[in-house]
Amino acid sequence: GAVVSQHPSWVICKSGTSVKIECRSLDFQATTMFWYRQFPKQSLMLMATSNEGSKATYEQGVEKDKFLINHASLTLSTLTVTSAHPEDSSFYICSASRDRGYYGYTFGSGTRLTVV
Amino acid sequence: DAKTTQPTSMDCAEGRAANLPCNHSTISGNEYVYWYRQIHSQGPQYIIHGLKNNETNEMASLIITEDRKSSTLILPHATLRDTAVYYCIVRSPTNFGNEKLTFGTGTRLTIIP
């Protein structure tokens, strides 16, 4: 079956630094990647959608300069949280789809980011 | 985006069928209904999806009403490992030729021994 690997599974960083999270589709080509954020006891909130080779499209209220998304290949997307602050501490989850979201979605296991 | 409404929480006895309802009264004719579940601090796991016909797979059954305004996920023989938050989602188009999943609040299902 389709497998998505997300790395790291958890990270602690100092306030003001940047953190990169990787999302890889291991056995299929992901034309589209989705990035979500989840705060404790809340649902997943879609942050952005990226098609391979194109700029990501961000949901309303998500700062594109703070959450940099790169989807340069069909198997790898990265989310960089720039100048992280404690309020950015959250669970970040990626999801990959073969066909722009028409053919199923496979989720990564998530990355717990703690900014101190 | 079509919104979904689910009960906040439900309990079900182990071995019994768990029936999780979902309302999606604003769903459009070509929008699919998806169900995922999330066990604490893990990524969501796909369960089932459908458009207008009832669907069944090895995990669950999905019953969609004829008017498509609501659906029910059925776990036929619940086990303790089915304890999770269950999300009913309507897949919707973006402005850029994609389809996306927008999660609602979900139902926290607890299986009671």
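The values are calculated or read from the model by the stated rules, or taken from the named source; none is laboratory data. Remember, it's a predicted structure, so these values are computed and weren't measured experimentally. All Cβ positions, even for glycine, are placed from backbone atoms using ideal geometry, and neighbour counts span all protein chains on display.
Numbers below:
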{"read-out": "Qualifying residues in the stretch A:5-34 (those that are at pLDDT below 95 and either touching an Asp or Glu at 6+ places or on another chain (Cβ under 9 Å) or among the β-branched types (Val, Ile, Thr) (or both)) - the one farthest from B:Asn98 (Cα to Cα)", "value": "A:Gln29"}
{"read-out": "Number of the condition not met by A:Ser109 [criteria: (1) surrounded by 14 or more Cβ atoms within 10 Å (Cβ to Cβ); (2) over 14 Å from the mean Cα position of the chain (by Cα); (3) within 11 Å of chain B (Cβ to nearest Cβ)]", "value": "(2)"}
{"read-out": "Criterion (closer than 30 Å to B:Ser9 by Cβ, of a type outside the set (A, V, I, L, M) and modelled with pLDDT under 90) met by exactly one of A:Gly110, A:Gly101", "value": "A:Gly101"}
{"read-out": "Complete set of residues in the stretch A:39-68 that are in contact with a Lys or Arg (Cβ under 7 Å, 6 or more places away or on another chain) and either in a loop (DSSP other than H, G, I, E, B) or more than 10 Å from chain B (Cβ to nearest Cβ) (or both)", "value": "A:Met47, A:Tyr58"}
